[in-house]
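Novice: Below is a structure I'd like to ask you about.
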Amino acid sequence: MELITHTNVTPRQVALELIDRLDARWNTDLKSIISNEAMTEKQRLSRLRARMLEAALHAIDQHEGMDGSIANKQDNEKLIQRVLAGDDIELEPNISVTQHNYNIIVNYTGQQVYDYVYTLSKRLEAMSNAKTVGQLAIETVSSGLFTVGTAWAKLTWTAWRGGQTILQATRTGITSLGMKTVVTVIVIVLAAILLYLFLENPKKLLGIVYNNTDENLVVKDWRKDDGDLYMEHGHMVNFMEDHATGELDSPLVQIRNRYYFGPNDEENVIFGGVYFADRNFGLRGAEGLMIFSSTTSNLRVAHQFAVPYTNDNGTNMQLIPAGSVDRAKLFRTLYDSRKTRIDVSAGGYRMISTVNDPRGGVVGLIASIQKIGT
């Protein structure tokens, strides 16, 4: 995927550029929602998603007049209606990429990490604007993404493995799941990235964690104060969660396991989870950690991130044993040895995490957990 550089514009300017295009294209007013400081970040995110989806679905209806979905139609309608109602959505869909693109992404450093976030926002914008299945399939393949959401990934991958080209398979996946459902999951992710880019708060971070293993990964009780998501400072605005198999009655996980056929097989697909951490008021940044646990083995990986108010930005990762853990102590240990890029191997796994720069308050992060030898 070719990166779009943004060296001469601020994140807010990028967001405004995207929002202005969407407002003009859809004849709506997203800017009034995203800039409404009377609402909390979560309220703005819910309202933004609802307005974006309403406009996108109207554009589809105007062009096609029908959806054509055949998979899980009743469940998919429930998701669409919840987003349109502005409800708090637990589902924060996984994105997925091919093995080829994964190998490129995890080696990004510096400005490349920063540009990846912006490139992703523009690709998702183009995908959300598609009015036909064929148009959306072309935009998806050219974006460097495989799919957004595990349900779409399952349908696309099955068709790909069945002998279709990746473009044909993408089209089949969209047709099977339904154009409106696919656009819904795209809008859910795009809205979160737009909010991240737009907010002028210093000390914020958007991270993407890829799971190149055979394990479904969860962050246990992440909504609870004593769960495996720990914020030393700041708060989590947006956190990853999707269905393990794509079926809406399958377990919720943070990042599902890969589709894997062998080392660097072109048909391997790797899933990633997106999160957005922001500062609170006061002289503190966004700093915390999450502990990923396998649902079927003892694998546990701590992923630490820090955008401090005065000290250097950084990140860290570490394999940790089963059992209880002092989260504050673990955070401090990882914080004290954080780096701009960490690349460590232990217990048969390789862990990589990179922030774009030790300086600055708007930070992009790309991390991965990878089984060694694959």
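Novice: Check whether at least one residue in segment 250-262 is touching a strand residue (DSSP E or B) at 6+ places or on another chain (Cβ under 6 Å), open to solvent by less than 10 Å² (accessible area, probe 1.4 Å), assigned to a strand (DSSP E or B) and on the phi < 0 side of the Ramachandran plot, and report yes or no.
Specialist: Yes, the conditions are met somewhere in segment 250-262.
Novice: Continuing with the same structure: Would you pick out the residues in segment 88-101 that are modelled with pLDDT under 95 and in contact with a Ser or Thr (Cβ under 7 Å, 6 or more places away or on another chain)?
Specialist: D88
Novice: Of all residues in segment 208-222, count the ones that are free of Cβ contacts under 8 Å to residues at least 40 places away in the same chain and either open to solvent by less than 30 Å² (accessible area, probe 1.4 Å) or not charged (D, E, K, R) (or both).
Specialist: 0
Novice: Tell me, which residue of segment 295-349 that is among the basic types (K, R) and outside any loop (DSSP other than H, G, I, E, B) is nearest to G110 (Cα to Cα)?
Specialist: Ranking the qualifying residues of segment 295-349, first place goes to R341.
Novice: What residue, among those in segment 271-294 that are outside any strand (DSSP E or B) and not aliphatic (A, V, I, L, M), is farthest from the chain's Cα centre (by Cα)?
Specialist: Here the answer is G282.
Novice: Residues to consider are V362, V269, V344; find the one that is open to solvent by 20 Å² or more (accessible area, probe 1.4 Å), β-branched (V, I, T) and more than 17 Å from G207 (Cα to Cα).
Specialist: Matching residue, one of V362, V269, V344: V344.
Novice: Taking the stated definitions as given, is I320 under 18 Å from L229 (Cβ atoms), open to solvent by less than 30 Å² (accessible area, probe 1.4 Å), of a type in the set (V, I, T) and more than 23 Å from the chain's Cα centre (by Cα)?
Specialist: Yes, satisfied.
Novice: Quick one: in segment 302-315, which of the residues that are surrounded by fewer than 24 Cβ atoms within 10 Å (Cβ to Cβ) and either of a type in the set (V, I, T) or touching a helix residue (DSSP H, G or I) at 6+ places or on another chain (Cβ under 7 Å) (or both) is farthest from I291 (Cα to Cα)?
Specialist: Across segment 302-315, the extreme among qualifying residues is T310.
The values are calculated or read from the model by the stated rules, or taken from the named source; none is laboratory data. Since the structure is predicted, the reported quantities are computational estimates derived from the model, not experimental observations. Glycine also receives a Cβ, built like all others from the backbone with ideal geometry; neighbour counts cover every protein chain displayed. We work out accessible area using only protein heavy atoms, side chains counted, and drop any ligands, DNA or RNA first. Shrake-Rupley method; radii C 1.70, N 1.55, O 1.52, S 1.80 Å.
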